[in-house]
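Here the structure comes first, spelled out in structure tokens, and everything after it is commentary.
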Amino acid sequence: MSLVKEAADIAAKYIREYYSKHPVSVAGLASREFGFGDFESKIRIRHMSFQSDRDLNRYLVENAPAFVSCSSALYARPASRPMETKGLIGAELVFDLDATDMHLACQKEHGTSWVCSNCLSSVKTETIKLIEEFLVPDFGFQERDISINFSGNRGYHVRIHSDDVMHLDGKARKQISDYISGNGISMEALFPNLGQKGVRLTGPKPGDYGWGGRLAKGMIEAVNRGPAALEALGAPAADARIMERHKASVIMGITTGNWDMVRINKKAEFWANVIKGMTIKQSDSIDRNVTNDPSHLLRLPDTLHGDTMLVSKSIGSASELRKFDPMTDAIAFRGGTMLVKTVKVPKFSMDGKSFGPYDGGEVALPTYAALYLLMKRAAVPA
Ligand SMILES: [Zn+2]
């Protein structure tokens, strides 16, 4: 739905005011491609570049763009087009996690343009999992080489900018993306004698590196949760009951790499489901998967998001992310109230205060909440 002109005009005034007080910056600014959007299209123009922070900030104040994006790639000639003529120097490794890719039950109720507290906490948990269970232990990236920022709406961006990743080619990026998404895991590699009769089925132990250890831990967790959890993962009811009865020896077995006690008929299928539950949910559509394609432009950290008027805040570390509440910590405009006419709006909370539900009618709201509803097309200026 397009934004009414009055709302766009109000937002532009706030955007201009914001950038005049909060100049932004990014490492390697002069080597990055920039793109800007309006309220209808997140990237309306691209192939732009700036020589200095000052040039960029002057542009932001003069043009008040609804969205500011820049490349994860560094180029010799960032403004040159077509893409092949830019002269790629290297690119950060980027992960774009968005609540809509998690296919949450709440989204069926509130639709994908709205974001609820469950959406926000789920995508935050997923982002912490990506860092603490994959990027640090499995790939050996250091926390200091990882930057995190809120996307400004319903997700997080994670960037790795160490020298080792800057020159990875597209194939290597796809392999990393596949690994965290659990694509193409070889069951034969984890269970070398799978399907052989009369031999003990050996498999991964919980302490093993990578997906082997993760599968062993996930399996123990599922057995501990009981038959319903095992059935939810695809175990036939009879098999789930048998495992429940022999719970202690199943767990003891897996702990020592002996998977004989796991008596499920369709083993490989069942394990694939256990693995699926432990993967990182990224966009699986090729043209939206940011990790694979460094030519994507991504929200410039600490800029405003035109669908929310929240700030795409930089977050110092995974432990800071745990405490981060986007609906409070990413608020840009405190102070003042604004009168808006709402359409149907579910209950929501910002800055620790609860608002709504609204169903038509005028309401005076704190500026940040009024702007949020205007930008979400859930209200119009009164
Ligand atoms: Zn939700």
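The values are calculated or read from the model by the stated rules, or taken from the named source; none is laboratory data. Everything numeric here is computed off the predicted structure, so don't read it as measured data. Please note: Cβ atoms are built from the backbone with ideal geometry, for glycine as well, and neighbour counts cover all protein chains shown.
Of note:
- Criterion violated by A76 - all others in (1) in contact with a Ser or Thr (Cβ under 9 Å, 6 or more places away or on another chain); (2) within 18 Å of S151 (Cβ to Cβ); (3) of a type in the set (A, V, I, L, M, F, W, C) satisfied: (2)
- Taking each residue of segment 3-23 that is over 16 Å from A382 (Cβ atoms) and not assigned by TED's automatic domain parsing to the domain that holds T342 and looking for partners that are of a type outside the set (S, T, Y) and surrounded by fewer than 14 Cβ atoms within 10 Å (Cβ to Cβ) with beta-carbon atoms closer than 9 Å, six or more apart or interchain, yields R16/E62; P23/R54.
- Counting the residues of segment 111-162 that are of a type in the set (A, V, I, L, M), within 16 Å of the ligand (Cβ to nearest atom) and under 14 Å from A318 (Cα atoms) gives 1.
- Qualifying residue in segment 360-380 (condition: closer than 27 Å to K129 by Cβ and among the hydrophobic types (A, V, I, L, M, F, W, C)): no
- Residue selected from segment 200-223 under the condition more than 20 Å from D138 (Cβ to Cβ) and not basic (K, R), by the criterion surrounded by the fewest Cβ atoms within 10 Å (Cβ to Cβ): T202
- Any hit, segment 255-266, residues being among the aromatic types (F, W, Y), in contact (Cβ under 8 Å) with a residue 24 or more places away in the chain and in contact with a helix residue (DSSP H, G or I) (Cβ under 9 Å, 6 or more places away or on another chain): yes
- Listed here are the helices (runs of 4 or more DSSP H) enclosed by segment 279-382 that have at least 1 residues being outside the structural domain of H157 (by TED's automatic domain parsing) and in contact with an Asp or Glu (Cβ under 8 Å, 6 or more places away or on another chain): 367-375.
- Number of residues in segment 26-50 that are out of contact with any Leu (no Cβ under 8 Å at 6 or more places or on another chain) and either in a helix (DSSP H, G or I) or free of Cβ contacts under 8 Å to residues at least 60 places away in the same chain (or both): the value is 8.
- Sole exception among (1) over 35 Å from the mean Cα position of the chain (by Cα); (2) surrounded by 15 or more Cβ atoms within 10 Å (Cβ to Cβ); (3) small (G, A, S) for A229, by number: (1)
- Residue within segment 83-92 that is within 24 Å of G213 (Cα to Cα), more than 16 Å from the ligand (Cβ to nearest atom) and among the basic types (K, R) present: no
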